[in-house]
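The next block holds one structure in the form of C-alpha cells; read it before the comments.
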Ligand SMILES: C[S@@+](CC[C@H](N)C(=O)[O-])C[C@H]1O[C@@H](n2cnc3c(N)ncnc32)[C@H](O)[C@@H]1O
C-alpha cells in the first residue's frame with residue numbers, strides 16, 4: 001500500500017529523471033562524437049584533401065607580408081607618385097647606396113629623417129642594427145612598429161643626439177627639406193659626430209640642375225592646362241633646397257674627412273638626373 005502511494009506520488013518524477021538522464025547521456029554521446037570528428041578532421045587535415053594542404057604554408061610565407069610592409073613604407077615616405085621609385089626595385093636601389101657607405105653584415109646604421117623606415121627596412125630584415133629619427137610622429141611610429149627592438153625617435157634632425165654612436169649614419173632624401181644652409185650644416189655636423197666610420201647624404205638636390213628642375217615641372221604643369229603663375233602659387237613655400245658640391249667640400253675640409261660624390265643612377269626614379277649622393281669617410 002505504502003509502495004503504491006509512493007510509486008503513484010513519485011512515479012512521474014522518477015520517469016522524468018530517467019528521461020532526463022537518458023537525454024543527457026544522448027547529448028554527451030553526440031558531443032563526444034562531434035569532438036571526435038573534429039579531432040579526426042584536424043589530425044587528418046593533410047590527408048583528407050590534398051588540394052587544401054598548402055594553405056598554412058602560404059599564410060606563413062615570410063616575405064609575403066614583408067613585401068606589403070615595404071610597399072606601405074615606400075609610399076608613406078612620399079615615393080608614391082609617377083616617376084618616383086618602383087617598390088619592386090627599392091631593395092636593389094637601397095643595396096646600391098648601402099655599398100657606397102660600406103654596409104655589410106654586423107654594421108650598425110642610423111638614419112636622420114628616416115620617415116617610416118623604408119630605407120632601413122631591408123637592413124633590418126638582414127639582421128643589422130638600425131635606428132632613426134624623424135620629425136613626423138606618424139611615420140616614426142610606423143618605423144618603431146615594423147622594426148621592433150630598435151630605437152626610433154620623433155624629433156627635428158637638428159636635435160640629433162650624438163652620444164650613442166653608429167658605424168654608419170645616413171640620410172636619404174632629407175636635405176632638400178631644410179630651410180637654409182645653416183640648418184643643413186648643423187645636421188651634417190651632428191651626423192659626423194654620431195658616426196664611427198662613414199656618413200652618407202643621399203638623394204641631394206643638385207644646385208646645377210635647379211633651373212632645369214623648375215623648367216621641367218612648369219612645362220608639365222602647363223601641359224595639364226595651368227599657367228606658370230599658378231605653378232609658382234601652388235608651390236609657394238614648398239620649394240626644395242639645392243646644394244652645390246662646394247657646400248659638402250667645405251665640411252669635409254673642416255673635419256678632415258675623405259669625400260666622394262656619386263650620381264643617382266636608378267633608371268626608374270625620375271629625379272635621378274637632378275640629384276647626387278655624398279659620402280664622407282673618417283680616416284681609420
Ligand atoms: C622623402 S621622405 C624620406 C624618408 C626616408 N628617408 C626614406 O628614404 O624613405 C623625407 C623625410 O624627411 C623628414 N624630415 C624633413 N625635414 C625634417 C627635419 N627637419 N627633421 C626631421 N625629419 C625631417 C620627413 O618627415 C620625411 O619623413
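Bear in mind that the values in this text are calculations on the coordinates, not laboratory data. Since the model is a prediction, treat every value here as computed from it, not as a measurement. Backbone-built Cβ (ideal geometry, glycine too); neighbour counts: all protein chains shown.
Spin-label pair residue 236-residue 216: with each label point 7 Å from Cα along the Cα-Cβ axis, the two points sit 2.6 nm from one another.
Rg and Dmax, both from the Cα atoms of region 54-131 and both in Å, are 13.6, 42. In this simple spin-label approximation, residue 208 and residue 71 carry label points 7 Å from Cα along the Cα→Cβ vector, and these lie 3.8 nm apart.
The residue 189 and residue 55 beta-carbon pair, evaluated with R₀ = 41 Å, returns a calculated FRET efficiency of approximately 0.15.
Each part gets one Cα centre, and for region 229-284 versus region 149-192 those centres are 15 Å apart. Sequence-distant contacts, meaning Cα pairs under 8 Å at least 6 residues apart, place the relative contact order of region 201-272 at 36 percent.
For region 163-272, state the average projected area of the convex hull of the C-alpha atoms over all orientations, rounded to one decimal in nm².
On the way: hull surface 33.3 nm².
Averaged projected area of region 163-272's Cα convex hull equals 8.3 nm².
Neighbour counts of C-beta atoms inside 10 Å place 151, 176 in the sequence 151, 176, starting with the fewest.
What the Cβ-Cβ distance of residue 159 and residue 226 gives, at R0 = 35 Å and to the nearest 0.05, is a FRET efficiency of 0.35. Its Kirkwood hydrodynamic radius, worked out from the mean inverse distance over all distinct Cα pairs, puts region 123-178 at 12.2 Å.
Give the order of 107, 204 when sorted by the count of other beta carbons within 10 angstrom, beginning with the fewest. List each step's numbers first, then the result.
On the way: 107 18, 204 26.
The most exposed by this proxy come first: 107, 204.
Note the direction-averaged projected area, equal to a quarter of the hull surface, for the Cα convex hull of region 89-141, in nm².
Working: hull surface 14.3 nm².
Computing the convex hull of the Cα atoms and averaging its projections yields 3.6 nm².
Computed over region 81-227, relative contact order equals 21 percent, with contacts defined as Cα pairs under 8 Å that lie 6+ residues apart.
With 10 angstrom as the radius, rank 173, 283 by how many other C-beta atoms surround their C-beta, starting from the fewest. Intermediate results must be reported in sequence, preceding the final value.
Details: 173 21, 283 7.
So the residues, fewest neighbours to most, are 283, 173.
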